[in-house]
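Everything on this sheet refers to the single structure shown next.
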Amino acid sequence: MASSAVDPQTVLRLAAAGYPPIDRSAGRVAIVGGFVRDVALGRDPKELDLVVEGDATELARSFGGELTVHDAFGTATARGEHWRVDVAMARSEGYPAPGALPEVRPATIEADLERRDFTVNAIAVTLQGEVIPAQHALEDLDAGLLRVFHERSFSDDPTRLLRMARYAERLSFEVEAGTERLAAAASFASLSGGRLGGELRLVLAEPDPLAVLARVEGKLPLALNPSLVESALALASPGSDRAMLTLGALASDAAWLETLELTASERDVALACMSASVPVDSRPSSLWRAWRRTPLEAVAVAGARGDRDAARRWIDELRNVRLEIGGNDLIAAGIPEGPELGVRLERTLLAKLDGELDGGREAELRYAIEAS
Ligand code: CTP
């Protein structure tokens, strides 16, 4: 692996190029976390992570942009149109219970590095260009190794299991042997569903989520099946929710999905994908009955599980079939208003779908009037 020394001037230059100036009056400030790591690895850094020995909210506010404050954690985020800065007050953390959110106390930048997830995420570059690495951080970055700081790291914060899996895949890093052992023994049991759901969203946004999930196989109620997901994604339309399609296709426990605090539409897609199947009778009218209210993501998963052609036909063609006539045409033909109209129109649509109507409007009208 190429050497990945941290060049503070490059870190500072890239921060200056992509973000508003950093306010030096806020207290001792350093760039830290993913930004430093990614610059050192020659990768495009995403958001700017700052740590300040002082008031995180004040520093975040000085950037302008939209401000979000998390008082309890001493963190704040400023967002501009093309940038995002995450600011954390330098702190040490105590975990009142495994998996619980941490209690934080102000501390120095040096001490703050020790409470982080992995050594490679614990290198600070101060605005004066000083590099402050946590123990092992520089050698681990150079060797491409993920290492936690202490034995309780995963039990304090089980999200680190998924963070580790994401970094290992995305950065092609190895996991240090002791860290691997701790991870193997750790579980998500103490983590709230909402936090797990948030972390899964990040996993599902990675280029290869299945490879990430394979690294925690057995710890979540997911039956990993890469070819199922690949085949469903190939069937799904471009605008589909790939993340929820993947989650639902793999999930084996609906009650667990319900705990993840997904949005209502995410949840609907994931649950539908979990239970998706192709009806035994694959005539177009049966597909309509089965799928007319089903998210397309779930139709794609059903196709990947069974009859691909039926799913393809529904997605590309059948779901868009409409009648040329409407209720007004039936009223004009003397059919009384009421639920009856809807029943006749539905029967006519089903007949049209199954190819029983030859001709357009006229044939539809005749069928609808004769249908009883
Ligand atoms: N961090 C941590 N433990 C967590 C979450 C975050 O120690 N559970 C620390 C790490 O030092 C991390 C930094 O906060 O580098 C910023 O967190 P985040 O933005 O989530 O991660 P990045 O390192 O920026 O990684 P990514 O590239 O995935 O955004």
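The values are calculated or read from the model by the stated rules, or taken from the named source; none is laboratory data. Computed from a predicted structure; not experimentally measured. Glycine also receives a Cβ, built like all others from the backbone with ideal geometry; neighbour counts cover every protein chain displayed. Calculation scope for accessible area: heavy atoms of the full protein, side chains included, ligands and nucleic acids excluded. Shrake-Rupley method; radii C 1.70, N 1.55, O 1.52, S 1.80 Å.
Tabulated data for the structure shown
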| read-out | value |
| --- | --- |
| Of all residues making up region 37-63, the number that are part of a loop (DSSP other than H, G, I, E, B), farther than 19 Å from VAL11 by Cβ and among the acidic types (Asp, Glu) | 1 |
| Residue within region 248-263 that is of a type in the set (Phe, Trp, Tyr) and closer than 29 Å to GLU370 by Cα present | no |
| Scan of region 151-168 for residues that are more than 11 Å from the ligand (Cβ to nearest atom) and open to solvent by less than 60 Å² (accessible area, probe 1.4 Å), ordered by number | SER155, ALA165, ALA168 |
| Any hit, region 269-288, residues being of a type in the set (A, V, I, L, M, F, W, C), modelled with pLDDT of 95 or more and within 21 Å of LEU349 (Cα to Cα) | yes |
| Any hit, region 234-241, residues being open to solvent by 20 Å² or more (accessible area, probe 1.4 Å) and within 15 Å of ARG163 (Cβ to Cβ) | no |
| Residue within region 27-40 that is of a type in the set (D, E, K, R), within 14 Å of the ligand (Cβ to nearest atom), in contact with a helix residue (DSSP H, G or I) (Cβ under 7 Å, 6 or more places away or on another chain) and over 23 Å from GLY94 (Cβ atoms) present | yes |
| Those residues of region 75-85 which are part of a strand (DSSP E or B) and open to solvent by less than 30 Å² (accessible area, probe 1.4 Å), in sequence order | ALA76, THR77, ALA78, VAL85 |
| Selection count where residues are closer than 19 Å to LEU245 by Cβ, in contact with a Pro (Cβ under 8 Å, 6 or more places away or on another chain) and surrounded by fewer than 23 Cβ atoms within 10 Å (Cβ to Cβ), scope region 269-304 | 2 |
| Residue in region 175-191 that is within 16 Å of the ligand (Cβ to nearest atom) and under 16 Å from the mean Cα position of the chain (by Cα) present | no |
| Candidate set from region 87-117 (those that are open to solvent by 30 Å² or more (accessible area, probe 1.4 Å) and within 11 Å of the ligand (Cβ to nearest atom)); member that is nearest to GLY193 (Cα to Cα) | LEU101 |
| Complete set of residues in region 126-150 that are among the small types (Gly, Ala, Ser) and within 12 Å of the ligand (Cβ to nearest atom) | ALA134, ALA137 |
| Residue in region 55-63 that is of a type in the set (A, V, I, L, M), away from the ligand (no atom under 14 Å from the Cβ), over 22 Å from ALA137 (Cβ atoms) and modelled with pLDDT under 95 present | no |
| Odd one out for PRO20 among (1) over 28 Å from ALA183 (Cα atoms); (2) part of a loop (DSSP other than H, G, I, E, B); (3) open to solvent by 40 Å² or more (accessible area, probe 1.4 Å) | (3) |
| Among the candidates ARG61, ARG28, residue that is in contact (Cβ under 8 Å) with a residue 40 or more places away in the chain, farther than 21 Å from ASP117 by Cβ and in contact with a strand residue (DSSP E or B) (Cβ under 6 Å, 6 or more places away or on another chain) | ARG28 |
| Tally of residues being open to solvent by less than 20 Å² (accessible area, probe 1.4 Å) and without any contact (Cβ under 8 Å) to a residue 40 or more places away in the chain across region 251-268 | 2 |
| Subset of region 305-332 [open to solvent by 50 Å² or more (accessible area, probe 1.4 Å) and either in contact with an Asp or Glu (Cβ under 6 Å, 6 or more places away or on another chain) or more than 30 Å from ALA234 (Cβ to Cβ) (or both)] | GLU324, ASN328, ILE331, ALA332 |
| Some residue of region 136-143 being farther than 22 Å from ASP71 by Cβ, acidic (Asp, Glu), surrounded by 21 or more Cβ atoms within 10 Å (Cβ to Cβ) and modelled with pLDDT of 95 or more | yes |
| Odd one out for ALA72, checked against (1) part of a helix (DSSP H, G or I); (2) over 22 Å from the mean Cα position of the chain (by Cα); (3) within 14 Å of the ligand (Cβ to nearest atom); (4) over 27 Å from THR10 (Cα atoms) | (3) |
